[in-house]
Amino acid sequence: MRTQVAGVLLAAGEGARLGRPKALVELNGQRLADRGIGLLRAGGAGPIVVVTGAVTINVLGVLTVHNPGWQTGMGSSLAAGLTALPDTASAAVIALVDQPLIGPEAVRRLIAAHREGATVAVAAYNGAPRNPVLIAREHWPSVLALATGDSGARAFLHANADLVTLVECGDTGSPEDVDTADDLERVARAVTTREAR
């Protein structure tokens, strides 16, 4: 019976603008990959699949899947992650490795929305859709058909806006990306402040 809500962490990129793979970047002594896994796990997702590419990531307790086509963009990584999930997963929460300020409560809210009937749930921040995203298994074939280049699930979400349940998460964290050195410095300050509380 498909009852699990799995977690997929997309962590395959080389971090071209940052100058190094984001998955291995450390904030307060913890790699972004480990933070992403912790986010999904603390939010109640499981099992967890981590999609790698530019670098190898070894983490106990998760399934690591190498995407040989990682250079083609996020779409191939999303496909690798979804196809690696067990048959027991009814849905997947998809998170990006470069958003360490997202809180586990966002994942919990997406899973709750799914339990209440949503087949596509997107975390919103002050009304603006961002990440993470939950997609039920019934939609995975359509997601995979549209996941090309660096769009990930975006093409599917735009084409099926009527299916999307927006879940407000503005009070749970921030979807800021770590794309550049300046981003990393700003996010590192925010992480330090949050974890000092």
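Structure values in brief
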{"item": "Residue in segment 129-176 that is nearest to the chain's Cα centre (by Cα), counting only those that are under 14 Å from residue 102 (Cβ atoms) and of a type in the set (A, V, I, L, M, F, W, C)", "result": "133"}
{"item": "Residues located in segment 144-173, provided they are touching a helix residue (DSSP H, G or I) at 6+ places or on another chain (Cβ under 7 Å) and under 22 Å from residue 36 (Cα atoms)", "result": "147, 150, 151, 152, 153, 167, 169, 172, 173"}
{"item": "Strands (runs of 3 or more DSSP E) (entirely within segment 20-118) containing at least 3 residues that are under 12 Å from the mean Cα position of the chain (by Cα) and either surrounded by fewer than 19 Cβ atoms within 10 Å (Cβ to Cβ) or free of Cβ contacts under 8 Å to residues at least 60 places away in the same chain (or both)", "result": "48-52"}
{"item": "Contacts under 7 angstrom Cβ, first residue in segment 123-134 being over 12 Å from residue 176 (Cα atoms), partner surrounded by fewer than 19 Cβ atoms within 10 Å (Cβ to Cβ) and among the small types (Gly, Ala, Ser), 6 or more apart", "result": "126/170"}
{"item": "Index of the failed condition, residue 45 passing every other in (1) in contact with a strand residue (DSSP E or B) (Cβ under 6 Å, 6 or more places away or on another chain); (2) more than 22 Å from residue 173 (Cβ to Cβ)", "result": "(2)"}
{"item": "Residue within segment 136-146 that is modelled with pLDDT under 90 and among the basic types (Lys, Arg) present", "result": "no"}
{"item": "Segment 120-146, residues that are part of a helix (DSSP H, G or I) and either acidic (Asp, Glu) or on the phi > 0 side of the Ramachandran plot (or both)", "result": "138"}
{"item": "Qualifying positions in segment 12-34 - under 30 Å from residue 138 (Cβ atoms) and modelled with pLDDT of 95 or more", "result": "33"}
{"item": "Some residue of segment 164-177 being in contact with a Leu (Cβ under 7 Å, 6 or more places away or on another chain), in a strand (DSSP E or B) and crowded, with 20+ Cβ neighbours inside 10 Å", "result": "yes"}
{"item": "Extreme residue, modelled with the highest pLDDT, among residues of segment 181-197 that are of a type in the set (A, V, I, L, M, F, W, C) and surrounded by fewer than 15 Cβ atoms within 10 Å (Cβ to Cβ)", "result": "181"}
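The values are calculated or read from the model by the stated rules, or taken from the named source; none is laboratory data. Note that the structure is a prediction, hence the values are computed from the model and not measured. Every residue, glycine as well, gets a Cβ built from its backbone with ideal geometry; the counts of neighbours run over all protein chains shown.
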